[in-house]
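This report concerns only the one structure given below.
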Amino acid sequence: MAEKDDETLKMEIDEIMSTVDAIMEKVARVIPEDKPETDGQG
């Protein structure tokens, strides 16, 4: 039982990490790195 829970947890973490990676990519495109002082006024 515990082993199966560990596998499920790893799968969920992998899904979350890939989702976070996708979000970070989108954010990186939205916020240009050369303008750090935008403060939501873009």
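For the reader, a short list of remarks on this structure follows.
- Options Thr8, Thr19; residue that is in a helix (DSSP H, G or I), modelled with pLDDT of 80 or more, polar (S, T, N, Q) and under 16 Å from the mean Cα position of the chain (by Cα): Thr19
- Being among the aliphatic types (A, V, I, L, M), modelled with pLDDT of 95 or more and assigned to a helix (DSSP H, G or I) is not true of Val27.
The values are calculated or read from the model by the stated rules, or taken from the named source; none is laboratory data. Just so we're clear, the structure is a prediction, and the values are computed from it rather than from any experiment.
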